[in-house]
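Here's the structure, in structure tokens; my notes come after.
The values are calculated or read from the model by the stated rules, or taken from the named source; none is laboratory data. These numbers were taken from a predicted model, which means no experiment stands behind them. Here Cβ is always computed from backbone atoms with ideal geometry, including for glycine, and neighbour counts include all displayed protein chains.
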Amino acid sequence: MTQKSLPPDLHADTLAVRVAVDRSQYGENSEALYLTSGYVQPSAEVSARRFAGEEEGYTYTRSGNPTVSSFEMRLAAMEGSEAALATATGMSAVLLMLFSLLKSGDHVVYSQSMFGSTIKLIGTEFARFGVESTVVPQTDLAAWQAAIRPNTKILFAETPTNPLTEVCDIAALADMAHNAGALLAVDNCFATPILQRPIALGADIVMHSGTKYLDGQGRVMAGALCASEQMVNEKFMPVLRNGGMVLSPFNAWVVLKGMETLGIRMRAQSASALALAQWLEQQPQVARVYYPGLPSHPQHALSMQQMSGLGGAVLSFDMKAGTPQDARLRAFHVLDSLQTLSLCTNLGDTKTLLTHPASTSHGKLSEDQRQAAGIGQGLIRMAIGLEHPDDMKADLLRGLDTLK
Ligand SMILES: *Cc1c(COP(=O)(O)O)cnc(C)c1O
């Protein structure tokens, strides 16, 4: 859809507040919310051309909506992709990608540390339709290479991962995928285009949960796929239009306005996360801190190079403890002692959210599987928000200082 002309080479912060569809005849400065399911056609002839795909123009919101278009254009501009397509949630973006690109007998390679629902969707649901898959350790490039088969169509990576913040080398995986005639898809939810632009590193598809940092204020669910014009128009669009997992215009508008502050939020929340991570490393009750911005992180150098010198806003830490049972009690005590921060399963909010992965996101795994994944009973994940870092520390100390 058309876009008011902007000068070339604008920065991501500028694109975040400026890219959108043309203003309406009223000249509104803030992008309009077009809450409509249908569009009145100027003539039967124009309507026929629009339905035949011969002329641009909106017909029905399942096929396109100006507010949704503004979100898609803004995200594509920030990710540096030719095009983007919005979906109802992050998971429906994954569903759309897999459904559009795979058929029975195809093979996917993905990391064992990916988002839980992504693993279920590929390894269980798509397996029912004959799609094969291999899971590999996130940071082991040789394992990714060894997993590739002649029928491999997609390598799917997420970096950094939840909750251990493991980082993989996007450029290396892109080369590996292309040498095998496959595509590299990257879930860029944790880093966002402010920190990391996978397309510039060679990735073919960027997937987003707009529910997280793009909205940034924990209000609505949204998702998106960024890719070439051709892939979006020829592969994704027909499935989206017919499958109907479209983003509501209202939610698109909320996320569109959220994206205007993405840059300042990501930088502020990353700075607070680094301060908290450094502070947690000093606490005697804490065994280990996982955060890409710390020199102790195994992929620290790669992270700094790949993520614009910032570590992102998510960190995890392990309680010092004897048995797994003791570790769980200690973690629960810290979480139950919070007065300011939230015990809440989400991330990418202005409010700091803490979770206990072993009993929530990774609760369905056996203890052995959990150990293999490195998710101990003493592990706490923090998605850092915008409270003052001193208040975050004080809230953690309420529990850390009263451990028995
Ligand atoms: C939340 C999340 C998703 C799924 O997004 P929804 O909007 O909840 O469907 C996918 N990947 C990552 C990394 C996430 O954090």
Residue within the stretch 20-42 that is assigned to a helix (DSSP H, G or I), more than 21 Å from Glu229 (Cβ to Cβ) and in the same structural domain as Ile194 (by TED's automatic domain parsing) present: no
Pair list, Cβ < 9 Å and 6+ apart or interchain, from the stretch 294-307 residues that are free of Cβ contacts under 8 Å to residues at least 12 places away in the same chain to residues that are crowded, with 16+ Cβ neighbours inside 10 Å and not in a helix (DSSP H, G or I): His300/Val167; His300/Pro292; His300/Gly293; His300/Leu294; His300/Gly311
Residue in the stretch 136-153 that is more than 13 Å from the ligand (Cβ to nearest atom), within 21 Å of Ser209 (Cβ to Cβ), in contact with a Phe, Trp or Tyr (Cβ under 8 Å, 6 or more places away or on another chain) and touching a residue at least 24 places away in the same chain (Cβ under 8 Å) present: no
Test: Ile148 is of a type in the set (A, V, I, L, M), under 17 Å from Leu201 (Cα atoms) and either at pLDDT 95 or above or assigned by TED's automatic domain parsing to the domain that holds Gly374 (or both): no
Subset of the stretch 33-49 [under 33 Å from the mean Cα position of the chain (by Cα) and without any contact (Cβ under 8 Å) to a residue 40 or more places away in the chain]: Ser37, Gly38, Tyr39
Matching option when the condition is at negative phi and modelled with pLDDT of 95 or more, among Ser337, Ser366, Ser361: Ser337
Residue in the stretch 209-248 that is farthest from the ligand (Cβ to nearest atom), counting only those that are basic (Lys, Arg) and closer than 20 Å to Phe156 by Cα: Lys235
Restricting the stretch 179-208 to residues that are closer than 21 Å to Val109 by Cα and of a type in the set (Val, Ile, Thr), the residue that is farthest from the ligand (Cβ to nearest atom): Ile199
Residue ID - farthest from Gly216 (Cα to Cα), chosen from residues in the stretch 312-322 that are without any contact (Cβ under 8 Å) to a residue 60 or more places away in the chain and not basic (Lys, Arg): Gly322
Strands (runs of 3 or more DSSP E) contained in the stretch 66-164 and holding at least 3 residues of a type outside the set (D, E, K, R) and closer than 25 Å to Leu262 by Cβ: 83-87
Some residue of the stretch 74-82 being more than 24 Å from Thr152 (Cα to Cα), of a type in the set (S, T, N, Q) and crowded, with 24+ Cβ neighbours inside 10 Å: no
Residue list for the stretch 102-114, restricted to those being in contact with a strand residue (DSSP E or B) (Cβ under 7 Å, 6 or more places away or on another chain) and surrounded by fewer than 21 Cβ atoms within 10 Å (Cβ to Cβ): Leu102, Asp106, His107, Gln112
Which numbered condition Ala287 misses (of (1) surrounded by fewer than 19 Cβ atoms within 10 Å (Cβ to Cβ); (2) of a type in the set (A, V, I, L, M, F, W, C); (3) outside any helix (DSSP H, G or I); (4) under 19 Å from the mean Cα position of the chain (by Cα)): (4)
Conditions (1) under 18 Å from the mean Cα position of the chain (by Cα); (2) free of Cβ contacts under 8 Å to residues at least 40 places away in the same chain; (3) surrounded by fewer than 24 Cβ atoms within 10 Å (Cβ to Cβ): number failed by Asn162: (2)
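Could you say which residue among Leu247, Leu256, Leu240 is over 19 Å from the mean Cα position of the chain (by Cα), closer than 23 Å to Met78 by Cα, surrounded by 23 or more Cβ atoms within 10 Å (Cβ to Cβ) and of a type outside the set (Ser, Thr, Tyr)?
Of the residues listed, the single one that is over 19 Å from the mean Cα position of the chain (by Cα), closer than 23 Å to Met78 by Cα, surrounded by 23 or more Cβ atoms within 10 Å (Cβ to Cβ) and of a type outside the set (Ser, Thr, Tyr) is Leu240.
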Filtered residues of the stretch 208-225 (kept if under 12 Å from the mean Cα position of the chain (by Cα) and either of a type in the set (Val, Ile, Thr) or under 18 Å from Ala171 (Cβ atoms) (or both)): Thr211
Residues of the stretch 43-101 classified as aliphatic (A, V, I, L, M) and more than 16 Å from the ligand (Cβ to nearest atom), total: 10
Among (1) in contact with an Asp or Glu (Cβ under 6 Å, 6 or more places away or on another chain); (2) more than 16 Å from the ligand (Cβ to nearest atom); (3) at pLDDT 95 or above - the single one Thr2 does not satisfy: (3)
Positions within the stretch 198-210 being surrounded by fewer than 24 Cβ atoms within 10 Å (Cβ to Cβ) and in a loop (DSSP other than H, G, I, E, B), in sequence order: Gly202, Asp204
Residues within the stretch 323-351 that are more than 30 Å from Ala222 (Cβ to Cβ) and within 16 Å of the ligand (Cβ to nearest atom), tallied: 0
